[in-house]
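As structure tokens, the structure follows; a few thoughts come after it.
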Amino acid sequence: MAEKTLTIALMDPPYETAATTTALRIVSAALKKGIRVNVFAYEGAVSLAIKDQAPHANPVKGTTVEQEEHPTTKEFVRSLLAIGSSNSQLTWVNCGLCVDERGAVNVIDGVKRGSPADFYKMATESTNTLVIPTK
Amino acid sequence: MPNYVFIESRDAFDSPDTSFLAETAVSLKKRGNNVTVFLVQNGVLAARTLSRKSHLPLLLESGVTVLADDLSLAERGIQSEECQSAMKAASIDQFVDLLLQENTRAVWH
């Protein structure tokens, strides 16, 4: 059976909508099935992998940073990139213009810089492509 | 024959344009296509039988397959006995399988 590849375009910034959580669940499920996945992060989604994201305490519950274990999107992206470790099944490309507009340059290792031309190439070479737009 | 997968993530009470997705899905089904609507996030709020603004009866009567993300249902406390009986809960794994069927077009709303 030919290798299958799924390409997903994301646009929402971190902590904005449930669509990001759903997208990361789809990426995780596909990777666990051995499917190669491309993510093209566009617009605010380039901030999902910002290295400087820090977890925080929860003053409402009175929990510390350690007790809260607040999940950051960069850690989700890092764990997804780690699947397949040396030969990652996940290619994550941030839109370069979107990065520059936001100054969102300091991203975790493994995240690439690209352009909509990369998205076009990934989409044309994939089994299917899912575009998750902003609302 | 192409397969169409529509992903409805919006609440019908918040987004009147959910009717457009349902009408498109029904039209494609009438033309002989395989059509699935996958409800996710607040899209699952339409799953309750008592939901008056739901487009699910139209979809189901037209032969469209309707699936609902199991995690989204659970997060919102929607029990299977509250839902349209012809609608099925599905995992995100099943959704990935749908996406990767041959000749499948996916549209997120």
Based on DSSP, what percent of beta bridges with both residues in region A:1-103 are antiparallel, to the nearest 5?
10 percent
What residues have an amide H closer than 5 Å to that of B:Thr104, excluding those fewer than 5 places away on the same chain, when H is modeled at 1.01 Å from N in the peptide plane?
B:Asn3
Fewest-first ranking of A:Asp100, A:Asp109, using other Cβ atoms within 10 Å as the exposure measure
A:Asp109, A:Asp100
Provide the percentage of antiparallel DSSP beta bridges, counting only those with both residues in chain B; round to the nearest 5.
5 percent
For region A:43-76, run through the GluC sites (Glu not before Pro) and keep only the ones in DSSP coil with at most 15 other Cβ atoms within 10 Å of their Cβ.
A:Glu69
Go through A:Lys4/A:Lys121; A:Lys33/A:Lys121; A:Lys32/B:Lys88; B:Lys29/B:Lys88; A:Lys61/B:Lys53; A:Lys32/A:Lys112 and tell me which ones have a Cα-Cα distance over 25 Å in this structure.
A:Lys61/B:Lys53
Under 17 Å from the B:Gln79 label point (7 Å along Cα→beta-carbon), backbone N, region B:8-52
B:47-51
Taking amide H positions as placed in the peptide plane 1.01 Å from N, state which residues far from B:Val37 in sequence (5 or more) or on other chains have amide H under 5 Å from it.
B:Phe6, B:Thr65, B:Val66, B:Leu67
Looking at the protein assembly as shown only, what percent of DSSP beta bridges run antiparallel? Nearest 5 please.
5 percent
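A short reminder: the numbers here are calculations on the coordinates, not readings from a lab. Because the structure is predicted, anything quoted here is derived from the model rather than measured. Cβ atoms come from the backbone with ideal geometry, glycine included; neighbour counts cover every protein chain shown.
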